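Participant: Sharing a structure below in structure tokens format, with a few things to ask.
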Amino acid sequence: MFKENFLWGGAISANQCEGAYLEDGKGLSIEDVLPGGLMKEYTQEPTEDNLKLKGIDFYHRYKEDIKLFAEMGFKVLRLSIAWARIFPTGEEQEPNEKGLEFYDKVIDECLKYHMEPLVTISHYETPLALAQKYNGWTDRRMIDCYLKYCLVLFERYKNKVKYWITFNEINSIIHAPFMSGAIMTPKDELSKQELYQAVHYELVASSKAVKLAKSVNPEFQIGCMVLGVTVYPLTPAPEDVIEVMEYDRKTLFFTDIFCRGKYPYFAEHIFSEHGITLDITEDDRESLKNTVDFVAISYYSSSCATANPDNGEPTGGNMTRDLKKNPYNPTTDFGWQIDPKGLRYTLNKLYHLYEKPILIAENGIGMIEKSNSNSDYEIQDDYRIEYMKRHLLEVEDAIADGVEVLGYTYWGPIDLVSCATAQMKKRYGFIYVDREDDGSGTLCRSKKKSFDWYRDLIKTNGGILHE
Ligand code: BG6
């Protein structure tokens with residue numbers, strides 16, 4: 001049973017939906033120079049082919065979009081604030097008032113419908129200037145830039161926003177150092193020393209943000225977020241189980257620090273193995289003790305690990321390319337494997353370790369869809385309904401297991417630009433957006449079949465899962 005105040009809703013990010021990439025004083029962000037998405041190289045300047053520059057024009061259509069979310073009965077909208085709208089280069093003395101005014105309007109629009117705005121402070125949108133000047137999070141000075149930005153948000157939205165996430169999928173820095181950590185050094189040239197130093201500075205920034213937040217409003221609820229990679233051994237061979245243990249550490253390293261306030265016991269081993277000596281001050285260690293209130297995860301699929309790279313087929317997924325396909329799970333149009341039970345498993349695992357409420361901050365299915373008329377219900381996305389239904393039944397089971405689940409924010413309630421490939425053709429929404437990969441289209445919004453289903457799901461607080 002979902003509790004009465006379960007936070008049903010959806011999740012979007014600024015860089016994937018707003019567009020208006022230079023409007024009202026916004027500076028460039030790292031996404032503005034990633035035309036091919038996360039797996040591709042960045043460019044020197046924004047290029048016409050980068051769909052994120054245009055997004056789905058949420059910047060001008062937020063009222064229409066939020067109204068549609070309200071029609072589905074969203075209790076919460078997870079959105080991110082584009083750091084470069086507030087501090088265009090990350091280092092101005094004063095924030096950009098025009099940028100803040102935009103988020104005032106978005107947040108007020110949510111509140112008008114009694115929809116809780118849940119803010120991700122940094123969702124792959126670091127100001128490009130900080131990447132260029134400091135090589136992103138490899139530099140300690142990033143901490144102060146981030147905290148200055150946080151303070152502006154905390155004070156401005158002191159009485160309007162309760163839930164905050166410090167960084168989207170912080171552990172993705174291991175897989176995508178530029179997108180996640182604003183690190184310009186190409187991934188294959190980046191040393192483990194630099195990588196873990198950047199991780200450390202981000203973790204310190206996050207923990208200092210927790211303290212800062214509470215000093216502004218003790219009622220604030222601050223969460224960390226990790227990419228909830230669920231990994232199984234490809235075979236029962238003990239070596240494969242050890243591989244899983246190693247892989248899990250790529251997530252637990254982060255959640256341990258966030259939730260326990262100190263580096264995990266296996267950190268020293270990783271550091272000595274790679275000859276890493278970190279710049280960690282006493283103040284850093286003290287700061288890390290500011291633990292989070294909740295843990296947020298994204299969960300789309302699961303994969304398998306093996307000690308023998310010749311075994312198994314490579315799996316899909318944005319950050320799991322080094323893992324293998326699970327022969328028991330079906331695969332989406334984009335090669336992501338569907339595994340609802342893996343969600344129950346991961347929820348239990350994280351709750352067992354930390355006993356902190358968990359927010360399912362992202363879960364969804366991206367498919368190829370095409371509307372020819374832009375009329376409502378032309379897209380009959382039964383597969384999306386099925387996907388959610390199966391995942392949510394597992395969430396219910398996890399709740400019955402005793403896991404405290406705060407809410408569920410479906411990823412991409414409205415079609416938006418893909419993070420991995422910067423395309424429109426991978427669609428997650430309950431709402432179709434008429435925009436093609438080449439940027440053409442009327443931007444008209446139309447409802448898919450899943451729109452009504454999600455509305456009924458929220459209305460019955462999950463009751464229709466059992467019909
Ligand atoms: C998550 C990101 O990793 O995956 C989102 O936080 C992203 O920003 C989502 O959109 C789905 O990935 P993609 O590549 O299908 O957009």
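The values are calculated or read from the model by the stated rules, or taken from the named source; none is laboratory data. The structure presented is a predicted model; accordingly, all values stated were derived computationally and were not measured. Note that each Cβ is placed from the backbone with ideal geometry, even for glycine, and that neighbours are counted across all protein chains shown. Ligands, DNA and RNA are excluded from the accessible area calculation, which covers all protein heavy atoms including side chains. Shrake-Rupley method; radii C 1.70, N 1.55, O 1.52, S 1.80 Å.
Participant: Calculate the dipole size of the chain relative to its Cα centre from +1 charges on Lys and Arg beta carbons and -1 charges on Asp and Glu beta carbons; express the result in debye to the nearest 20.
Facilitator: 920 debye
Participant: Here's a follow-up. Ignoring ligands, DNA and RNA, please state the percent of accessible area on the chain from carbon and sulfur, probe 1.4 Å.
Facilitator: Of the solvent-accessible surface of the chain, carbon and sulfur hold 50 percent.
Participant: Quick check: net charge around LYS262, other residues with Cβ under 9 Å of its Cβ, Lys/Arg +1 and Asp/Glu -1?
Facilitator: Net local charge, LYS262 excluded: +2.
Participant: Let me ask something else about it. Give a residue-ordered list of calculated ³J(HN,Hα) values for segment 170-176 (Karplus: 6.51 cos²θ - 1.76 cosθ + 1.60, θ = phi - 60°; whole Hz; x for Gly, Pro).
Facilitator: Result, rounded to whole Hz: 4, 6, 5, 4, 5, 8, 9.
Participant: Please work out the FRET efficiency for the pair ASN159 and ASP310, using the Cβ-Cβ distance as r and a Förster radius of 41 Å; give the result to the nearest 0.05.
Facilitator: Once rounded, the FRET efficiency stands at 0.10.
Participant: Same structure again: Note the full-extension length gain between GLU71 and ILE242 as 0.36 nm times their separation in residues minus their Cα-Cα distance, in nm to one decimal.
Facilitator: Residue separation times 0.36 nm, minus the Cα-Cα distance, leaves 56.8 nm.
Participant: Amide H neighbours of GLY10 under 5 Å, at least 5 residues apart or on other chains, H built in the peptide plane: list them.
Facilitator: Here the answer is VAL76, ARG78, TYR410, since their amide H atoms fall under 5 Å of that of GLY10.
Participant: Can you put VAL229, VAL433 in order of accessible area, largest first, using a 1.4 Å probe?
Facilitator: VAL229, VAL433
Participant: Once Lys and Arg get +1 and Asp and Glu get -1 on their Cβ, which of PRO177, TRP8, GLY25 lies farthest toward the positive end of the dipole of the chain?
Facilitator: Result: TRP8, furthest along the dipole toward the positive end.
Participant: Whole number in Å², please: accessible area per residue of segment 344-416, 1.4 Å probe, ligands, DNA and RNA not counted.
Facilitator: Per residue, segment 344-416 has 37 Å² of solvent-accessible surface.
Participant: May I ask you to evaluate 6.51 cos²θ - 1.76 cosθ + 1.60, the Karplus curve with θ = phi - 60°, for each residue of segment 113-119 and list the ³J(HN,Hα) values in order in whole Hz, giving x for glycine and proline?
Facilitator: Running phi through 6.51 cos²θ - 1.76 cosθ + 1.60 with θ = phi - 60° gives 9, 6, 9, 6, x, 10, 9 Hz.
Participant: List the trypsin sites (Lys or Arg not before Pro) within segment 87-160 that fall in a DSSP loop (any state other than H, G, I, E or B) and whose Cβ has at most 14 other Cβ atoms within 10 Å.
Facilitator: LYS158
Participant: What does the extension gain come out to for ASP456 and ARG321, with contour length at 0.36 nm per residue minus their alpha carbon separation?
Facilitator: Length gained between ASP456 and ARG321: 45.0 nm.
Participant: Something else about it: For the pair TYR265/THR47, report the inter-label distance in nm, with labels modelled 7 Å from Cα in the Cβ direction.
Facilitator: Label at TYR265, label at THR47, 4.9 nm between them.
Participant: CYS444 versus ILE280, label points 7 Å from Cα toward the beta carbon: distance in nm?
Facilitator: Going by the 7 Å Cα→Cβ label model, 5.8 nm.
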